[in-house]
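The next block holds one structure in the form of structure tokens; read it before the comments.
The values are calculated or read from the model by the stated rules, or taken from the named source; none is laboratory data. Keep in mind it's a predicted model, so treat the numbers as computed, not measured. No Cβ is skipped: glycine too gets one built from the backbone with ideal geometry, and neighbour counts run over all protein chains shown.
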Amino acid sequence: MSDYDKFVELNVKIADISNSMSVLNWDQEVNLPKNGLEKRAKQISTLAGISHELLLSKEYETLVKKLQSQTLTSIEKANVKEAAKVLTKNKKLTTDYIRELAETQTLANNAWLEARNKSDFSIFEPFLEKILNLKFKECDLIGYDKHPYDVMLDTYEPGLTTERVEIIFKDAKSPLLELLGKINKKEVPNNSFMLRQYNKAQQWDFGIYLLKQMGYDFDSGRQDLSAHPFTTSLGPNDVRITTRINEQNLYEMIWSCIHEGGHALYEQGLPADQYGLAAGEYASLGIHESQSRIWENNVGRSLSYWKANFKVLKDSFPDRLANVTLVDFYKAINIVKPSLIRTASDELTYHFHVMIRFEIEKALFEKSIKIKDLPSVWNDKYKSILDVNVPNDAQGVLQDIHWSHGSFGYFPTYSIGSFYAAQFYNKAQKDIPNLEGYIEKGDMKPLLKWLRKNIHQYGRVYNAEELCEKVTGSTLNSKYFMDYANQKYGGLYEL
Ligand code: MG
């Protein structure tokens, strides 16, 4: 057996354990009875320990070192390079640190839940301070050139830096504000028909219809219900999604289905023969999000898409949508209006929610704001940027779960994902003659084929910016998002 084969064997073993953890997590979100929760947490942490031991074993380290000086194919080289990177990073984090972080995360998450329920930031404050101090420690343990926050960003978006995010957001901010200013002067379209009673079973069936049309493979996945929709990969041929149905709101199920469906198509399209290796893994969270957003927004909120699907939707709910025209519907699904809650915001104001979080996180890592001042800093930013008044902490600084897990540096990937989506979609439109014509007929195959060929097949062989440059000819540029937004909303709102 060659060194490379041994390396693959060990990686597959680690992936098997990690996928088993995913099964337990999936089950926890979908099926687990309340009393099973405590032991489940223990089971998952046992597997995490085993996987960590394998990764840090002498055998694995020796193999990775040996392989770095051997002649390999370009894909093998990429797999070894990524493994070396993961190994170096993990070796810097001491076992004590990892244990302390895991314990603090559990406590902080409980405190955050209580604080949000009571809408009282002061309950969360001491735990946030603890978890933030651990994250500062992580920055020191890992090390950085320019900014400690670079360490946080690199966890989710390898290679992304604070400086780069600042440039991307600075470029996007004023054209977005300008467009938003024009839209805000216009009347908000009627969407009352979206908020009527929509039967759960029929909503479910319509979601399945959309997923099948996108090309989601139900022989290699399944959909279930959960409190928060998510996608999880349990292996190359088992990529599961969940959705949530609100009978008084037609938006929630449809776009969560399309969004998670987009994530799942990416996972189903990763090369199965590279299982457990970088080449079989998603490139970054930003690229992952681009695959969900391209389907959710560029496709799923377009007129072409609903030319194909509005009649089917109407037939599913004849007494609810009988008098609604395609244009009324198209306007209702693209309402732009500044609001308090990130997850319920439209595709334009969404980015301000993210920019605010980025500014705050960066300041926290520069230690230029105090934790106790977070609610007022938050509220001031929402007032000055979005002109909304935050009535309480629950709908303000406590709305997101991320900080309670210590997931700093995660938020920027959401916006970056949308910007990648627009840049990719622009290229797909150039590469596929009459792409909109196919979509209007409900034929999503040409787009999926393009995504498979240009993005999915490469896994993590390239980092996000390299991949973007390879596919589109240039690195990430929010101008593509602005072109898309100006064209779409210019038409919709007659600007
Ligand atoms: Mg997502």
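Out of 195, 234, one residue alone is exposed (fewer than 14 other Cβ atoms within 10 Å of the Cβ) and touching a strand residue (DSSP E or B) at 6+ places or on another chain (Cβ under 8 Å). It is 195. Annotation: residue 224 fulfils all but one of (1) of a type in the set (Asp, Glu); (2) more than 13 Å from the ligand (Cβ to nearest atom); (3) farther than 25 Å from residue 329 by Cα; (4) part of a helix (DSSP H, G or I); the unmet one is (4).
Within region 209-223, take every residue that is in contact with a Phe, Trp or Tyr (Cβ under 8 Å, 6 or more places away or on another chain) and not basic (Lys, Arg) and give me the one that is farthest from residue 234 (Cα to Cα). Break it down stepwise before answering.
Here is the first cut: in region 209-223, the residues in contact with a Phe, Trp or Tyr (Cβ under 8 Å, 6 or more places away or on another chain) are 211-212, 214.
Imposing the further condition that a residue be not basic (Lys, Arg) reduces the set to 211, 214.
Values: 211: 19, 214: 21 Å.
Only one residue fits best here, namely 214.
I'd like to know if region 233-256 contains one or more residues that are part of a helix (DSSP H, G or I), within 14 Å of the ligand (Cβ to nearest atom), under 21 Å from residue 314 (Cβ atoms) and at pLDDT 95 or above. Within region 233-256 (the criterion being part of a helix (DSSP H, G or I), within 14 Å of the ligand (Cβ to nearest atom), under 21 Å from residue 314 (Cβ atoms) and at pLDDT 95 or above), the answer is yes, since at least one residue qualifies. Among residues of region 408-460 being in contact with an Asp or Glu (Cβ under 9 Å, 6 or more places away or on another chain) and among the hydrophobic types (A, V, I, L, M, F, W, C), the one that is farthest from the ligand (Cβ to nearest atom) is 450. Scanning region 1-45 for residues that are among the hydroxyl-bearing types (Ser, Thr, Tyr), loosely packed, with under 12 Cβ neighbours inside 10 Å and not in a loop (DSSP other than H, G, I, E, B) gives no hits.
For region 264-378, which helices (runs of 4 or more DSSP H) that fit wholly inside it have 1 or more residues that are of a type in the set (Lys, Arg) and buried (at least 18 other Cβ atoms within 10 Å of the Cβ)?
Helices (runs of 4 or more DSSP H) meeting the threshold: 285-293, 318-321, 350-365.
Cβ-Cβ under 7 Å, sequence separation 6+ or interchain: first residue in region 228-252 and free of Cβ contacts under 8 Å to residues at least 40 places away in the same chain, partner in a strand (DSSP E or B) and surrounded by fewer than 18 Cβ atoms within 10 Å (Cβ to Cβ). Which pairs? Going by the 7 Å Cβ cut-off, the qualifying pairs are 243/225; 244/225; 252/246.
Within region 471-484, does at least one residue satisfy the condition of being charged (D, E, K, R), under 19 Å from the mean Cα position of the chain (by Cα) and on the phi < 0 side of the Ramachandran plot? Explain how you work it out, then say what you get.
Pass one, region 471-484, residues charged (D, E, K, R): 479, 483.
Add one more test, that the residue is under 19 Å from the mean Cα position of the chain (by Cα), and what stays is none.
Within region 471-484, none of the residues are charged (D, E, K, R), under 19 Å from the mean Cα position of the chain (by Cα) and on the phi < 0 side of the Ramachandran plot.
Considering the conditions (1) in a loop (DSSP other than H, G, I, E, B); (2) of a type in the set (D, E, K, R); (3) under 18 Å from residue 428 (Cβ atoms), residue 494 is excluded by exactly one of them, (3).
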